[in-house]
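What follows is a short report on a single structure.
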Amino acid sequence: MEEDYVQKMIESKGKSSVIYAKYIYDHDKYPDKFFCFFEGEDYKYYRSRIIQYLDIDEEEIFHYDCNGKKEVLKVYDDLLDDKNVKKIFFIDKDFDEDINKEKIFQTECYSVENYYVTNSAFKYFLSTEFEINTNNENLNKCLNDYIKTRENFNMTTVLLNAYIYYIRKRDKNNIERVKLPDAKTILNQLIDSIEVDKVNIKSEKDVNEIKAILKDSRDINEEEILLLAKEFEQIKSKELTFRGKFETYFLKRFVANLILRIKRKDYFKNYDKNIKLDINNNIITHLSTYAETPRNLKSFLLDLKKEYCE
């Protein structure tokens, strides 16, 4: 029986049918477990929060990487008739419409990555990893620089984010979306370097240059994209609305420069800590403790605890 499932997985890797096959096999053996479905590696963020708010052990959880939101929603539809199963689904909002369905948690911000870059998350991270008291002048200085530089970075990526929003809306009814290059490949063509107090850009990019960077071969309405960019400029909490992987790109480079400045002893006052933090580690795993936990996620999980555990 297990060999049949393995063969199915080999034949259709990354599809909802693979996840459904895995789920059926697991559920047949462990029907009372919690079955959690994610777009990708988001379990690294949600894991501790599921355990905390459902008040369960990690061994109670079976988690599945569905390889994208569309596949999560397909699995959700496949399991609609399984009424007595402890199932939970997690998706990112992205630039899409809200999805209000039972047992699905959707981020209010663009993605879980955005929870890593909020002011409170950075302050918690800074206080713990750099061993700085919350009222210390070094912490206040760094937090202020972080907020200002993050806004400068986001202003630099306004047109980029607006373009991605545009193509998501343009292609929502297409079977296949434009597959974007990874965040690092995209941003390295715009950003020269990020320091604690400034963002150094390579050059201003126009719409057609952004089109080339994103490898978008389809027709566009340049005027519409520029109008969207003006709207995006006015967004107050860009760190929550803009693409999450761009935000964590900024966070990594800001912290890397902060560590460099500390080693050079030209940033903090009266600070002699030896920082050994490796910011190049998987940020979703390494900084999960510091990422913000929004109220609606707490409420979502506590409601499921009442339904599943009491």
Being touching a residue at least 24 places away in the same chain (Cβ under 8 Å), assigned by TED's automatic domain parsing to the domain that holds residue 232 and over 19 Å from the mean Cα position of the chain (by Cα), is that true of even one residue in the range 88-111? no
Count - residues of the range 127-143 that are surrounded by 13 or more Cβ atoms within 10 Å (Cβ to Cβ) and under 14 Å from residue 274 (Cα atoms): 3
The range 203-216: number of residues that are modelled with pLDDT of 95 or more and surrounded by fewer than 16 Cβ atoms within 10 Å (Cβ to Cβ): 5
Please go through the range 233-257 and pick out each residue that is farther than 19 Å from residue 185 by Cβ and in contact with a strand residue (DSSP E or B) (Cβ under 7 Å, 6 or more places away or on another chain). 254, 257
Mind checking whether some residue in the range 112-128 is among the small types (Gly, Ala, Ser) and within 27 Å of residue 18 (Cβ to Cβ)? no
Could you check, for the range 127-148, whether at least one of its residues is out of contact with any Asp or Glu (no Cβ under 9 Å at 6 or more places or on another chain), assigned to a loop (DSSP other than H, G, I, E, B) and aromatic (Phe, Trp, Tyr)? yes
Just to confirm my filter: which helices (runs of 4 or more DSSP H) fall fully inside the range 214-306 and include at least 2 residues that are touching a residue at least 12 places away in the same chain (Cβ under 8 Å) and of a type in the set (Phe, Trp, Tyr)? 244-264
Over the range 102-126, the set of residues assigned to a helix (DSSP H, G or I), closer than 13 Å to residue 294 by Cα and in contact with a Ser or Thr (Cβ under 8 Å, 6 or more places away or on another chain) is 113, 114, 115, 116
Number of the condition not met by residue 269 [criteria: (1) within 25 Å of residue 114 (Cβ to Cβ); (2) of a type outside the set (Val, Ile, Thr); (3) at pLDDT below 95]: (1)
Within the range 170-184, can you find the residues that are surrounded by fewer than 13 Cβ atoms within 10 Å (Cβ to Cβ) and farther than 18 Å from residue 245 by Cβ? 172, 173, 174, 175, 176
When the range 178-198 is checked residue by residue, the ones that are of a type in the set (A, V, I, L, M, F, W, C) and assigned to a helix (DSSP H, G or I) are 183, 186, 187
Looking for whichever is at pLDDT 95 or above and in the same structural domain as residue 241 (by TED's automatic domain parsing) here; the options are 132, 147. Which one fits? 147
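The values are calculated or read from the model by the stated rules, or taken from the named source; none is laboratory data. Predicted model, so just to flag it, every value in this text is computed and none were measured. Counting neighbours? That spans all protein chains shown, and the Cβs are built from the backbone with ideal geometry, glycine included.
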